């Protein structure tokens, strides 16, 4: 089973945090699949990833662009791994029961929303029951990520 890392957004938005996490994955020469809850949200991120930073370029695609096998970052609304990615990123409270061939899953949720927090807690329990190793990450005052120590 893959390692699941739950990322609790507290200081920055998904629009700010996700591109930076994707940059780190791309710089490490890894591939990722990002699983969105709706086509509208996927389309918004697809457009945003082209313009989020003047000094950065994140090659990515979705089913609209095609050629999944050549995309280091694949955006989707269905659980799939057409670019043979190592990392799955879930947003918008997407729960995964079958990790396909992913070795790691980043589950990003809004830590300022009590409902999203409760859903993340439920997903954590389900992932533990599946045998996944779990790590928890939170943001400091400046928005940097730090691993939380287990309780």
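Rule-based calculations on the coordinates, nothing more; no lab input. Bear in mind the structure is a predicted one, so any value in this text is a computation, not a measurement. Positions of Cβ are generated from backbone atoms using ideal geometry, with glycine treated the same way; all protein chains shown enter the neighbour counts.
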With both partners inside the chain, how many of the DSSP beta bridges are antiparallel, as a percent to the nearest 5? 10
Computed [θ] at 222 nm, deg cm²/dmol, the chain (DSSP H ≥ 4; -39,500 (n - 2.57); rounded to nearest 500): -9000 deg cm²/dmol
Gap in Å between the Cα centre of the stretch 21-40 and the Cα centre of the stretch 116-144? 18
Protection proxy (average C-beta count within 10 Å per residue), highest first, orders 115-126, 75-86 as 75-86, 115-126
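I need the calculated FRET efficiency for the pair residue 23 and residue 95, taking r as the beta carbon distance and R₀ as 22 Å, to the nearest 0.05. All intermediate terms of the calculation are to be shown ahead of the outcome.
Working: r = 26 Å, r/R0 = 1.18.
About 0.25, to the nearest 0.05.
Highest mean first, what order results for 88-101, 41-54 on Cβ atoms within 10 Å?
Values: 88-101: 16.9, 41-54: 14.1.
Most protected by this proxy first, the peptides run 88-101, 41-54.
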Once the principal axes of the Cα atoms of the stretch 1-82 are found, what is the range along each, listed largest first in whole angstroms? 37, 34, 28
Net lengthening on full extension, residue 13/residue 63 (0.36 nm per residue, minus Cα-Cα): 15.5 nm
